[in-house]
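In what follows, a structure is listed as structure tokens, so that the remarks can point back to it.
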Amino acid sequence: MKKNIRPYLDQYPQIDTTCYVDDASIVIGEVSLAENVSVWPFAVIRGDVNHIHIGKNSNVQDHAMLHVSHKNTDKPNGSPLLIGEDVTIGHHVKLHGCQVGNRVLVGIGSIILDDVIVEDEVMIGAGSLVPPRKILESGYLYVGSPVQKVRALTQKEKEFLIYSARHYVKVAHHYLLQN
């Protein structure tokens with residue numbers, strides 16, 4: 001196992017062979033990366049006190065930080081981090097113990113906190129803050145700090161959600177071919 005991919009106690013990251021995990025990123029503990037996931041330089045994915053799952057064709061861009069909240073008596077399941085398919089997680093994004101659906105774009109520098117549910121086909125504008133336990137409804141653009149629903153996504157924007165994720169699959173494939 002590479003030095004940047006490491007266990008925590010008896011939990012080892014489960015990474016599909018089609019994934020690209022940059023050597024300058026860190027993946028720790030109970031983390032599962034599905035097919036074609038890419039993890040870019042200086043991203044940190046730390047599944048030490050709960051689990052993280054990232055669905056196929058999703059990307060975690062440079063300097064993103066992904067973490068979880070531990071299990072306790074008040075909250076037996078804690079707050080794991082669950083990310084769907086075809087998700088673009090922008091540069092410097094922080095995701096903490098939340099649930100992100102399929103075909104979502106999280107803009108640069110956004111922060112999504114514990115127990116947030118982001119439904120499918122959502123765009124979150126750069127620099128947004130999503131406070132704990134908020135639900136972002138499918139099909140909308142959200143921006144601001146705290147985040148506010150702005151308008152319904154256009155068909156072109158919905159198509160872009162898939163394009164963005166698949167573009168990163170293609171770029172990651174080029175990086176894999178170099179190694």
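The values are calculated or read from the model by the stated rules, or taken from the named source; none is laboratory data. Since the structure is predicted, the reported quantities are computational estimates derived from the model, not experimental observations. Counting neighbours? That spans all protein chains shown, and the Cβs are built from the backbone with ideal geometry, glycine included. Each accessible area value is taken on the protein alone, full model and side chains, heavy atoms only, with ligands, DNA and RNA left out. Shrake-Rupley method; radii C 1.70, N 1.55, O 1.52, S 1.80 Å.
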Please report the spacing between the Cα centers of the stretch 53-97 and the stretch 131-179 in Å, no decimals.
14
What residue among PRO131, PRO13, PRO80 has the largest mean-square fluctuation in a Gaussian network model of the chain, using Cα springs under 10 Å?
PRO131
To the nearest 0.05, the calculated FRET efficiency linking ASP74 and ASN4 through their beta-carbon distance, R0 being 22 Å, is 0.05
Note on the stretch 1-93, DSSP bridge orientation, antiparallel percent to nearest 5 equals 10
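Looking at the square roots a ≥ b ≥ c of the eigenvalues of the Cα gyration tensor of the chain, which shape do they give, rounded for a/c under 1.5, prolate if a/b is larger than b/c, or oblate?
Working: a/c = 1.99, a/b = 1.15, b/c = 1.73.
Oblate, because a/c is 1.5 or more while a/b does not exceed b/c.
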Listed residues GLN155, GLN11, GLN99, most fluctuating in the chain (Gaussian network, C-alpha, under 10 Å)
GLN155
Under 5 Å between amide H atoms, partner at least 5 residues away or on a different chain: which partners does HIS51 have, H built in plane at 1.01 Å?
LEU81
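May I ask you to derive the relative contact order of the chain, considering only C-alpha pairs under 8 Å and at least 6 residues apart, and to give it as an integer percent?
14
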How much area per residue is accessible in the chain when the probe is 1.4 Å and only protein heavy atoms are counted (Å²)?
49
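Can you tell me the order of 47-54, 161-168 when each peptide is scored by its average per-residue count of other Cβ atoms within 10 angstrom, highest first?
Result, highest mean first: 47-54, 161-168.
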Whole-Hz Karplus ³J(HN,Hα) for the stretch 158-169, in order, using 6.51 cos²θ - 1.76 cosθ + 1.60 and θ = phi - 60°, x for Gly and Pro?
5, 5, 5, 4, 6, 4, 4, 5, 5, 4, 5, 4
Gaussian network model of the chain, Cα within-10 Å springs - most flexible of PRO132, PRO76, PRO41
PRO76
What lysines could a cross-link reach from LYS170, if we take a straight Cα to Cα line under 21 Å and drop same-chain neighbours fewer than 8 places away?
LYS56, LYS156, LYS158
Which of the aspartates and glutamates could a cross-linker span from LYS71 if the Cα-Cα distance has to be under 19 Å and same-chain partners fewer than 8 positions apart are dropped?
ASP10, GLU30, ASP48, ASP114, ASP115
So the carbon and sulfur contribution to the accessible area of the chain, 1.4 Å probe, in percent, is 54
